[in-house]
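Asker: The structure follows.
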Amino acid sequence: MASIQHVATGRRKRSIARVKLVPGTGNITVNKRTIEDYFPRETLRMIIRQPLQITGMTAKYDVIVSVNGGGDSGQAGAVRHGISRALVVADADFKSKLKKEGLMTRDPREVERKKYGQKGARRRFQFSKR
């Protein structure tokens, strides 16, 4: 009973998503919960469904995701990246479509660390001449 699975990892900010694509009807499960239950904002659900809609595989695969770290937006971006990479594992012809849409590139933007002698990463303490 070995079913076909396509596995990939997606990352964004501090979030890591492990994605499994299994032939099915289009259900998306995130951390053993439905996508509507896990991501309450419609924009985040739209971000996650993007790679499936671009490739036309919305109703052909069930997506099973395990995601941890970061916040809602970072996790949604990590899931999108993971789904894109898993689709390329499933069919290499999708790579050009997904790359053209910018979904194959890992977003390198991270939070800059706070520096000593400053209030934040770039913000300084108030300056007074006297």
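Only the coordinates and a few stated rules stand behind these numbers; no lab work does. Bear in mind that the values here come from a model prediction, so they are computed numbers and not experimental data. Note that we place each Cβ from the backbone using ideal geometry, even for glycine, and neighbour counts take in every protein chain shown.
Asker: Enumerate the residues in segment 4-33 having an amide nitrogen under 13 Å from the point lying 7 Å beyond the Cα of Lys115 toward its Cβ.
Answerer: none
Asker: Let me check against my output: what whole-number percent is the relative contact order of the chain, with C-alpha pairs under 8 Å and at least 6 apart?
Answerer: Result for the chain is 31 percent.
Asker: Calculate for the chain the 222 nm mean residue ellipticity that helices alone would give, adding -39,500 (n - 2.57) per DSSP H run of length 4 or more and normalising by residue count, nearest 500 deg cm²/dmol.
Answerer: My calculation for the chain gives -10000 deg cm²/dmol from helical runs alone.
Asker: What spacing in nm lies between the two simple spin-label points modelled at Gln5 and Asn31, each 7 Å away from Cα in the Cβ direction?
Answerer: Here the answer is 2.0 nm between the modelled labels.
Asker: Mind checking which lysines have their Cα closer than 19 Å to the Cα of Lys97? Skip sequence neighbours fewer than 8 apart in that chain.
Answerer: Straight-distance partners of Lys97: Lys60.
Asker: Only four residue types carry charge here, +1 at the Cβ of Lys and Arg and -1 at the Cβ of Asp and Glu. Report the dipole size of the chain about the Cα centre in Debye, rounded to the nearest 20.
Answerer: Dipole size: approximately 1300 debye.
Asker: A further question on this structure: Normalised radius of gyration for segment 6-100, please: alpha carbon Rg relative to 2.2 N^0.38 Å, two decimal places.
Answerer: Dividing the Cα Rg of segment 6-100 by 2.2 N^0.38 Å gives 0.95.
Asker: Taking θ as phi - 60°, what are the ³J(HN,Hα) couplings along segment 76-90 by the Karplus curve (6.51, -1.76, 1.60), each to the nearest whole Hz, with x for Gly and Pro?
Answerer: 5, x, 5, 5, 4, 5, x, 5, 4, 5, 5, 5, 5, 5, 5
Asker: Please arrange Leu44, Leu103, Leu87 by how many other C-beta atoms lie within 10 Å of their C-beta, fewest to most.
Answerer: Lowest count first: Leu44, Leu103, Leu87.
Asker: While we're here: Where the only charges are on Cβ atoms (+1 Lys, Arg; -1 Asp, Glu), what is the dipole of segment 62-130 about its Cα centre, to the nearest 20 debye?
Answerer: Charge dipole, segment 62-130, about its Cα centre: 1060 debye, nearest 20.
Asker: Quick one: net charge of Gly70's neighbours, Cβ under 11 Å, K/R +1, D/E -1?
Answerer: +2
Asker: Lysines near Lys32 by alpha-carbon distance under 16 Å, same-chain residues fewer than 8 away left out - which ones?
Answerer: Candidates past the 8-residue exclusion: Lys20.
Asker: Let me ask something else. What FRET efficiency do you get for Met46 and Gln126 if R0 is 41 Å and r is their Cβ-Cβ distance, rounded to the nearest 0.05?
Answerer: The pair Met46/Gln126 has a calculated efficiency of 0.45.
Asker: Projected onto the charge dipole of the chain (+1 at Lys/Arg Cβ, -1 at Asp/Glu Cβ, origin at the Cα centre), which of Gly71, Gln126, Asn31 gives the Cα projection farthest towards the positive end?
Answerer: Highest projection toward the positive end goes to Gln126.
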